[in-house]
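Asker: Take this structure first; my questions come after.
Each value in this text was obtained by applying a stated rule to the coordinates, not by laboratory testing. Model, not experiment: these values are computed from the prediction. Glycine also receives a Cβ, built like all others from the backbone with ideal geometry; neighbour counts cover every protein chain displayed.
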There are 2 protein chains.
Amino acid sequence: MRSATLKDVALAAGVHPATASRALNPQTRGLVNADTVKRVQRAAESLGYRPNPIARGLKTARTTTLGVVIPDLTNPIFPPLVRGIESAIEPAGYTALTINTDGDLELERARIDSLRARHVDGLIVATGMRHHPLLVELRAQNVPIVLVNRRVDGLNVPSVVGDDERGMQDVVAHLTALGHTRIAHLAGPSDTSTALVRERAFHAAVREARLPDDGSLTVRCDRWSAEAGAEATRKLLGSGTDFTAVVGGNDLIALGCLDVLSDAGLSCPDDVSVTGFNDMPFLDRLSPGLTTVRVPHFDIGAEAARMFLECLREPARVPRSVVLPASLVIRASTAEPSARRHARGT
Amino acid sequence: MRSATLKDVALAAGVHPATASRALNPQTRGLVNADTVKRVQRAAESLGYRPNPIARGLKTARTTTLGVVIPDLTNPIFPPLVRGIESAIEPAGYTALTINTDGDLELERARIDSLRARHVDGLIVATGMRHHPLLVELRAQNVPIVLVNRRVDGLNVPSVVGDDERGMQDVVAHLTALGHTRIAHLAGPSDTSTALVRERAFHAAVREARLPDDGSLTVRCDRWSAEAGAEATRKLLGSGTDFTAVVGGNDLIALGCLDVLSDAGLSCPDDVSVTGFNDMPFLDRLSPGLTTVRVPHFDIGAEAARMFLECLREPARVPRSVVLPASLVIRASTAEPSARRHARGT
DNA sequence: CTGAAAGCGCTAACAA
DNA sequence: TTGTTAGCGCTTTCAG
């Protein structure tokens, strides 16, 4: 049984399809006699009419779909973000098409191409790099874009991020309050704004507290992964620098750090305190539970989606950037530094 | 700059749009002179022509999209499944529209409705209940459906599941080999086939090993969650039954169990061994690491997607059910039972 | 083998 | 206020 079309409804209501269209569309309903509207609505109801967004899209060049570009759905910070987006777009009748880029620019280009072939009305992008020519190019082609979690240099589009600066300040304040004086930072990859903001905030906070901030205390990871965190921790240990706390650029980096510390016979938090960033799920069940910064990913997604819809409604409006509050979550991976220090194989 | 249409390509190649369409479509290419095909292809290339799937869909009543129906993307077993689906459909030019039902049948119906309004070519469904009228109804309307992870009573459609039976046998064999004789089971909600299969396999394996299988050793959870697992564990402890091992219906249930055991002053694995099911991410980082059954969710998704594409190609073909191997992953949450038993507050 | 013509379902001019 | 007409981009008869 073929589903009812607008023509069927019009026939049943005894009007022209165009009138039926107007009656059913809230935008144009005002142009139609109230009685006629009722008649059409009743006919639509009784036939179980569902408008066909495909046909509509062909005509209006709008598809009520949007593309969501994320690095990797299996990274636990992204499912809440995606759900936040979906929760906010659904009331507007929008549907999300989600793609994974796996951090591969070729793949990203190809998959965004396929989104555009499907004529998505715009993109919410979580893969932004500080230097990201593809996004600049899309922007130049007037593709509506909202950035989440990260920003892109020279790209004047709306963005929604967590308050990384404040989060990092809180982390450092927490550690200094515990009495730590030599705090190391395993920074994220420097091609992402997130890593940069967190690293800068780290340095600023450490210097503010009049603590040492020599270069050996910061190691950069080339990816946001446990492996990269492990690698960086090995470097840190190898450098012979003294430290009693490690601030991970995110939770995964912190997890990698914990692995290597444990392999090196160092216990957390007795020998070294460790912190993460994001508060991904199940972190509370590790032992020790990881002290971290909770970033409201669901809300970030929802807010980004709202901004996206706004962009479509008022394209001329100046791009806003929204920062949502992040909060320190203290667990067992941070404690007062012990008397004994561990550097140089001590 | 408007993107090139088929008409543009035809014009550039000096042929009729219909010819260009035939030349570009692999299905119909055979009907066209090889030289003409080349000419059209070159023209398409140089204009950067991308066929418009929307317009095509309007004509062919196929959209090269499929709906993916899952309970909750933030449950860590689903992202790999979704990625598996996407990896398998992408080469065929398909795009997934994913929805979350949150276990709510109303929501499920509404969201599946919206998928159908978008004319998805079919559904891959991970929310199957043993009694699931909506799916039966859809099936009756000839909506192509493939089930993943679970089966539905009386629904004759293809399905892809992990080998729960074998997985459960391995779990019980592992525990009996360690010397456990009183093994409890926190079964999943009995309205899902997965819970049923696992519970039946549990009872069969226990009886096979000539171990006690009295009713008090099995408690059913009403959801697949840590909270439900905690609740069930409290019941189990409250019943006063003696046991030295608990087989969780899935990992989340096992996590809830661990919480309550720990609250009750029982240590795992010293006092009680605990196992899960699924091997969700980061389970290896808990302490103790959870012994569980690895279910290949990515592969389940990929295989389901392949079957889905097959269904579209040969609708007449009889529905197959595929079972993918699951494997026991032994970690620190299982050990030999200690001499002291813990029942009745011992 | 290729062109002509129609139409998928809907909406936006325009006309009445 | 409603109807008429045309067309979004594509595929698919049917002729030629």
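Asker: Structure shown: which of B:K7/B:K38; A:K59/B:K7; A:K7/B:K59; A:K38/A:K59 lie over 23 Å apart, alpha-carbon to alpha-carbon? Write out the running numbers ahead of the final one.
Answerer: Details: B:K7/B:K38 17 Å; A:K59/B:K7 17 Å; A:K7/B:K59 17 Å; A:K38/A:K59 25 Å.
In this structure, A:K38/A:K59 lie more than 23 Å apart at Cα.
Asker: Starting from the Cα gyration tensor of the range B:187-268, take the square roots of the eigenvalues, sort them a ≥ b ≥ c, and report rounded, prolate or oblate (rounded when a/c is under 1.5, otherwise prolate if a/b is larger than b/c, else oblate). Intermediate values should be presented prior to the final figure.
Answerer: Working: a/c = 1.92, a/b = 1.17, b/c = 1.63.
It is oblate, given that a/c is not under 1.5 and a/b is not larger than b/c.
Asker: Sticking with this one: Please list, in order along the range B:135-146, the HN-Hα scalar couplings obtained from phi with the Karplus expression 6.51 cos²θ - 1.76 cosθ + 1.60 (θ = phi - 60°), rounded to whole Hz, x for Gly and Pro.
Answerer: The phi angles translate into 5, 4, 4, 4, 4, 5, 8, 6, 6, x, 9, 10 Hz.
Asker: Can you put B:L217, B:L11 in order, fewest other beta carbons within 10 Å first? It would help to have the intermediate numbers written out before the result.
Answerer: Values: B:L217 22, B:L11 16.
Fewest to most other Cβ atoms nearby, the residues stand as B:L11, B:L217.
Asker: Among A:P91, A:P315, A:P212, determine the one that fluctuates most according to a GNM of chain A built with springs between C-alpha atoms less than 10 Å apart.
Answerer: Per the Cα network of chain A with a 10 Å cutoff, A:P91 tops the list.
Asker: Now, a different point. Would you work out if the protein assembly as shown is rounded, prolate or oblate? Take a ≥ b ≥ c from the square roots of the eigenvalues of the alpha-carbon gyration tensor; rounded if a/c is under 1.5, else prolate when a/b is larger than b/c, oblate otherwise.
Answerer: On the way: a/c = 2.07, a/b = 1.32, b/c = 1.57.
Because a/c hits 1.5 or more and a/b fails to exceed b/c, the protein assembly as shown counts as oblate.
Asker: Here is a further query. Karplus couplings for the range A:280-297 from phi (6.51 cos²θ - 1.76 cosθ + 1.60, θ = phi - 60°), rounded to Hz, Gly and Pro as x?
Answerer: Result, ordered by residue: 5, x, 6, 5, 6, 9, 5, 10, x, x, 8, 5, 7, 10, 7, 10, x, 5 Hz.
Asker: Further question on the same structure: Just to verify a number: FRET efficiency for B:E106 and B:N156, C-beta to C-beta distance, R0 = 30 Å, to 0.05?
Answerer: Numbers: r = 26 Å, r/R0 = 0.86.
The value I calculate is 0.70.
Asker: Please enumerate, by chain and number, the aspartates and glutamates with C-alpha under 16 Å from the C-alpha of B:K235, excluding those fewer than 8 residues away in the same chain.
Answerer: B:D214, B:D222, B:E227, B:D259, B:D263
Asker: Oh, and also: For a quick check: with amide H placed at 1.01 Å from N, whose amide H comes under 5 Å from B:L211's, ignoring anything fewer than 5 positions away on the same chain?
Answerer: It is none; the list stays empty.
Asker: Kindly write out, for the range A:36-52 in residue order, the coupling ³J(HN,Hα) from the Karplus curve 6.51 cos²θ - 1.76 cosθ + 1.60 (θ = phi - 60°), rounded to whole Hz, with x marking Gly and Pro.
Answerer: Whole-Hz 3J(HN,Hα) from phi for the range A:36-52: 4, 3, 4, 4, 5, 4, 4, 4, 4, 3, 5, 8, x, 5, 10, x, 9.
Asker: On to the next question. Inside 10 Å of the C-beta atoms of B:82-90, what's the mean count of C-beta atoms belonging to other chains? Don't skip to the answer; put the middle values down first.
Answerer: Details: counts 6, 5, 0, 0, 5, 1, 0, 0, 4.
Partner-chain Cβ atoms within 10 Å, mean over residues of B:82-90: 2.
Asker: Starting with the fewest neighbours, write out A:E86, B:E45 ranked by other beta-carbon atoms found within 10 Å of each beta-carbon.
Answerer: On the way: A:E86 22, B:E45 10.
So the residues, fewest neighbours to most, are B:E45, A:E86.
Asker: While we're here: Under a 5 Å amide H to amide H cut-off, with H placed in plane at 1.01 Å, what residues pair with B:A184 once short-range neighbours are removed?
Answerer: Distant-sequence amide H within range of B:A184: B:T244, B:A245, B:V246, B:V247.
Asker: Further question: Given springs between every Cα pair under 10 Å in a Gaussian network model of chain B, which of B:R317, B:R109, B:R150 has the largest fluctuation?
Answerer: Of B:R317, B:R109, B:R150, the most mobile in the Gaussian network model is B:R317.
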